[in-house]
Amino acid sequence: MLNTLNAIFTNPEYLTQTTFSDYYRATAVSFPDLCALLDEDAIAEDKLADYVRLMNSLSWEFEDLADGGRGVAYNVAQKVVGNRQHGMIALLKCFSPSFRDMPDADTNILDVLGGDGTIARFVQNIDGPRPTIITADLSRFMVDACMKQGLPCVRQSATRSLFKDNALDGVLIAYGSHHLAEDDRQLAISEAYRTLKPGGRLVLHDFETGGETARWFEEVVHVYSRTGHPHPHFTRPEMWERFSAAGFRDVRVFDLNDPFTLPGATADEAVSNALMHMYHMYDLVKIANGTGDIVNRVARCVEQTLGEIHVNKADDDFVATIPRKALVAVGTKS
Ligand SMILES: C[S@@+](CC[C@H](N)C(=O)[O-])C[C@H]1O[C@@H](n2cnc3c(N)ncnc32)[C@H](O)[C@@H]1O
């Protein structure tokens with residue numbers, strides 16, 4: 001017992017009941033190419049123990065229910081892999097020279113806020129060329145879930161990457177960039193720069209301060225989510241300034257249509273699936289008094305902030321679309 005306690009004290013849990021050494025041994029067998037990209041100095045035991053303790057103390061919002069987090073409900077919503085397919089395809093194409101092609105498997109992209117591997121799973125379903133996605137996340141719960149699915153992944157903070165200098169073809173910071181505190185944003189963008197190969201790109205995705213999507217977060221998610229959502233979004237000048245300060249060239253900042261699309265056997269079912277998707281994704285446990293009220297309450301909130309829900313007939317089913325606009329910055333490492 002004493003030996004176990006000593007081991008936990010010197011080697012804190014990196015993943016559940018897993019030290020970093022355990023994780024590394026398993027990953028070296030399944031994904032040797034990923035281990036080859038990690039910086040030996042950064043993963044040395046003496047440095048890592050404090051880092052892991054820090055991550056354990058900081059991470060809660062996307063952890064398990066017992067930690068007050070909303071990771072469980074979030075991952076339920078992500079089982080429909082195509083729920084943000086329009087935006088995800090556009091973001092991945094930003095890593096090709098033309099911005100119009102899907103990169104191929106030789107393109108290693110680190111998904112810095114990768115959750116339980118939503119984008120990696122989406123990419124596995126793409127026909128034709130598709131990039132190699134390595135998922136990273138601060139949350140132990142998320143990286144545990146990634147490991148269980150056999151996806152290449154690493155637990156780290158966006159602000160302190162375990163990857164070598166000049167190792168990656170692409171870095172994606174998306175679908176949660178507003179979770180980076182003001183002081184951490186520049187660090188995360190600089191870490192992307194350091195770890196990218198010359199010519200590699202950073203794609204940063206968030207929602208514009210003052211826009212409809214920011215209103216959805218402020219007026220709905222912050223009020224009704226299990227965790228609240230007190231996170232400021234990005235402005236266009238902020239994206240420009242932060243990319244320039246980190247050293248990126250050829251910076252572009254632009255709007256991106258990034259709707260939620262959910263299928264159903266009928267038009268009504270597609271709309272209901274879309275609304276329940278929003279309920280789970282943001283864990284809106286305070287939005288209704290009873291389960292019978294949820295769909296109507298979420299519908300009203302969606303329409304008052306994001307806009308009207310549309311339904312289209314697809315080949316075999318119907319697809320409900322909830323509109324959403326994102327703000328994206330792309331820069332290239334010199
Ligand atoms: C909204 S979720 C997005 C997950 C996934 N990309 C998706 O779209 O389904 C945001 C993720 O960012 C992670 N996160 C928050 N702050 C982070 C940080 N400083 N470093 C790395 N990950 C972080 C959270 O743990 C969470 O899993």
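Applying the criterion of at least 2 residues that are surrounded by fewer than 18 Cβ atoms within 10 Å (Cβ to Cβ) and not aliphatic (A, V, I, L, M) to the helices (runs of 4 or more DSSP H) found wholly in region 11-81 leaves 20-30, 32-37, 45-58. Among residues that are within 9 Å of the ligand (Cβ to nearest atom), farther than 28 Å from HIS280 by Cβ and free of Cβ contacts under 8 Å to residues at least 40 places away in the same chain, THR135 is not included. Looking at HIS222 and the list (1) in a loop (DSSP other than H, G, I, E, B); (2) surrounded by fewer than 20 Cβ atoms within 10 Å (Cβ to Cβ), which single condition is not satisfied? The number of the failed condition is (1). Pairs meeting the criteria (first residue in region 14-25 and without any contact (Cβ under 8 Å) to a residue 40 or more places away in the chain, second residue assigned to a helix (DSSP H, G or I), beta carbons under 6 Å, at least 6 apart or on different chains) are PHE20/LEU48.
Name the residues in region 86-100 that are within 12 Å of the ligand (Cβ to nearest atom) and either part of a loop (DSSP other than H, G, I, E, B) or surrounded by fewer than 23 Cβ atoms within 10 Å (Cβ to Cβ) (or both), would you?
Residues of region 86-100 within 12 Å of the ligand (Cβ to nearest atom): 87-88, 91.
Correct list: GLY87, MET88.
Looking across region 282-311 at every residue that is under 21 Å from GLU212 (Cβ atoms) and of a type in the set (S, T, N, Q), the one that is nearest to the chain's Cα centre (by Cα) is identified as THR305. Among the residues of region 29-44, are any away from the ligand (no atom under 15 Å from the Cβ) and under 27 Å from PHE260 (Cβ atoms)? Within region 29-44, not a single residue is away from the ligand (no atom under 15 Å from the Cβ) and under 27 Å from PHE260 (Cβ atoms). In region 65-80, is there at least one residue being touching a helix residue (DSSP H, G or I) at 6+ places or on another chain (Cβ under 8 Å) and within 30 Å of LYS197 (Cα to Cα)? Taking every residue of region 65-80 in turn, none turns out to be touching a helix residue (DSSP H, G or I) at 6+ places or on another chain (Cβ under 8 Å) and within 30 Å of LYS197 (Cα to Cα). Against the conditions (1) farther than 22 Å from ARG324 by Cα; (2) touching an Asp or Glu at 6+ places or on another chain (Cβ under 9 Å), ILE126 satisfies every one except (2).
Which residues, counting only those in region 192-225, are closer than 30 Å to ALA105 by Cβ and under 16 Å from the mean Cα position of the chain (by Cα)? Selection gives ALA192, LEU202, VAL203, LEU204, HIS205, ASP206. Taken over region 101-131, the residue count meeting the criterion of being among the acidic types (Asp, Glu), within 12 Å of the ligand (Cβ to nearest atom) and either farther than 28 Å from HIS179 by Cα or assigned to a loop (DSSP other than H, G, I, E, B) (or both) is 1.
Where strands (runs of 3 or more DSSP E) fall wholly inside region 229-334, the ranges with 2 or more residues that are within 21 Å of ILE89 (Cα to Cα) and free of Cβ contacts under 8 Å to residues at least 40 places away in the same chain are 310-313. Summed over region 167-191, residues that are under 18 Å from PRO131 (Cα atoms) and either more than 15 Å from the chain's Cα centre (by Cα) or at pLDDT below 95 (or both) total 3.
Of everything in region 158-188 that is within 17 Å of MET88 (Cα to Cα) and outside any strand (DSSP E or B), the residue that is farthest from the ligand (Cβ to nearest atom) is SER177. Evaluate the following for ASP258: is it crowded, with 18+ Cβ neighbours inside 10 Å and within 14 Å of the ligand (Cβ to nearest atom)? So ASP258 fits the description; yes.
The values are calculated or read from the model by the stated rules, or taken from the named source; none is laboratory data. In this text, all values refer to a predicted model and were calculated from it rather than measured experimentally. We place every Cβ from the backbone using ideal geometry, glycine too, and count neighbours over all the protein chains shown.
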